[in-house]
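Below: the structure, in structure tokens.
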Amino acid sequence: MDGRMASCLCGSAPCILCSCCPSSPNSTVTRLIFTAFLFLGVLVSIIMLSPGVESQLYKLPWVCEEGAGTPVVLQGHIDCGSLLGHRAVYRMCFATAAFFFLFTLLMLCVRSSRDPRAAIQNGFWFFKFLVLVGITVGAFYIPDGSFSNVWFYCGVVGSFLFILIQLVLFIDFAHSWNQRWLGKAEERDSRAWYAGLFFFTLLFYTLSIAAVTLLFIYYTHPGPCYEGKVFIGLNLTLCVCVSIVAVLPKVQDAQPNSGLLQASVITLYTTFVTWLALSSVPDQKCNPHLLTHLSNGTILAGPEGYETHWWDAPSIVGLIIFILCTVFISLRSSDHRQVNNLMQTEECPSALEATQQQQVATCGGRAFDNEHDGVTYSYSFFHFCLVLASLHIMMTLTNWYRPGEARKMISTWTAVWVKICASWAGLLLYLWTLVAPLLLPNRDFS
């Protein structure tokens, strides 16, 4: 039994599943395990943000140095400040990003599981975990210096790209949802599926309208908050325009599956990104979530003046969406060829799907190799997505605050403009998916 366990730790993904688990493709199991590595780093970051961790660390004399000194001491003691708060999140996410970037380079141009590098991708989990732990330990010994400031701007760029990836996933999800429910409505000749689409479309638009109303109430109340009014009003106008374009007769003729369900999902997500942007406005009068550092600790600059820590509503919602999108990347490929080309995944052909069903019947609780003739996703691009995910969750957990002097965090307009530009880019991307068949009639956009 011990020998079998050791072989599983050093071998490939088929050993990961137990007999009580359903058989799964090797590619899916591998992506889920790598995603679990990322979530483990997120969990450690959340723990390091917890207010009670610092007092517990100082009780361990072999961990922390006494008093305020240099960030790292040669005797092996570490300034506990580097293990806590935004500095710990930066280092933990640097470790996960470096780990996945290493695999991004290592897995370039892998075409099938017959490539020797595929064995590294799909196995040797114990050693890969040790590599991640080693990078993490080394990251906490990085001197402060300019590391936090440089890594902040790396996080800004990576988070911008991951927001766009999230938008692509939402567009693809809404298209697949709409297409399947319309297909079931035609097959079963039932109006219930049409009613379901109408209900969720109405629900998403209602939530968007309610969210926009709350944004106007809480982020534009004083007269001088012109930026918030412009951002909310402009994004609302763009969402209305996109919704109108989605139901134009020419667009419907070119893309019969296009409709208001997709537009409502994009509208709701754009409203969420707008909320994220307004929550980073560096003006206490226009931003009820803005944190202020005082001598007695960190308080929320709100009307009540109550104490708070890093967690607020935008961060919590952003964390939930991050988890859902990351799992979504790991579990499935798209039903649309354009999205598969963008995300570097492939549809499963019917012949290959039949072969996989036979493998499922014979494997019994073990993962099977479904990439012998060709990979079902780009190993390198998948790891690059996890690099961007690491940077995005770093910015989310630190509320997009930029490290300042004396270990303070500063809210900047950089974060605001990055999120707003991401929302505009996302709307333009969705608008392009609607009008592209009209502008390029010779191309296949089915």
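The values are calculated or read from the model by the stated rules, or taken from the named source; none is laboratory data. Fair warning: this is a prediction, and the values are worked out from it, not measured in the lab. Note that each Cβ is placed from the backbone with ideal geometry, even for glycine, and that neighbours are counted across all protein chains shown. Please note that ligands, DNA and RNA were not included when accessible areas were found on the heavy atoms of the full protein model with its side chains. Shrake-Rupley method; radii C 1.70, N 1.55, O 1.52, S 1.80 Å.
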Taking first residues from region 408-434 that are at negative phi and second residues anywhere that are open to solvent by 10 Å² or more (accessible area, probe 1.4 Å) and among the small types (Gly, Ala, Ser), the pairs with Cβ under 8 Å that are 6 or more apart or on different chains are ILE410/GLY404
All but one of (1) modelled with pLDDT of 90 or more; (2) among the aliphatic types (A, V, I, L, M); (3) within 25 Å of VAL29 (Cα to Cα) hold for ALA210, so report the exception by its number. (3)
Among (1) farther than 16 Å from SER390 by Cα; (2) surrounded by fewer than 17 Cβ atoms within 10 Å (Cβ to Cβ) - the single one VAL168 does not satisfy: (2)
Among the listed residues CYS8, CYS20, CYS109, identify the single one that is part of a loop (DSSP other than H, G, I, E, B) and at pLDDT below 55. CYS20
Any idea which residue in region 212-230 is farthest from LEU260 (Cα to Cα), counting only those that are among the hydrophobic types (A, V, I, L, M, F, W, C) and surrounded by fewer than 17 Cβ atoms within 10 Å (Cβ to Cβ)? ILE217
Go through (1) open to solvent by 40 Å² or more (accessible area, probe 1.4 Å); (2) touching a residue at least 12 places away in the same chain (Cβ under 8 Å); (3) in contact with a helix residue (DSSP H, G or I) (Cβ under 9 Å, 6 or more places away or on another chain) one by one and return the number of the condition SER159 breaks. (1)
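Residues are listed down the side, and each one gets a yes or a no for (1) touching a His at 6+ places or on another chain (Cβ under 9 Å); (2) within 19 Å of PRO314 (Cα to Cα); (3) free of Cβ contacts under 8 Å to residues at least 24 places away in the same chain; (4) crowded, with 20+ Cβ neighbours inside 10 Å:
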{"residue": "ILE232", "(1), (2), (3), (4)": "no, yes, no, yes"}
{"residue": "CYS239", "(1), (2), (3), (4)": "no, no, no, yes"}
{"residue": "SER243", "(1), (2), (3), (4)": "no, no, no, no"}
{"residue": "ALA246", "(1), (2), (3), (4)": "no, no, no, yes"}
{"residue": "ALA254", "(1), (2), (3), (4)": "no, no, no, no"}
{"residue": "VAL265", "(1), (2), (3), (4)": "no, yes, no, yes"}
{"residue": "TYR269", "(1), (2), (3), (4)": "no, yes, no, yes"}
{"residue": "ASP283", "(1), (2), (3), (4)": "no, yes, no, no"}
Region 387-435, residues that are open to solvent by less than 20 Å² (accessible area, probe 1.4 Å), assigned to a helix (DSSP H, G or I) and modelled with pLDDT under 80: none
Which condition number in (1) open to solvent by 10 Å² or more (accessible area, probe 1.4 Å); (2) closer than 21 Å to SER390 by Cβ is the one that MET107 fails? (1)
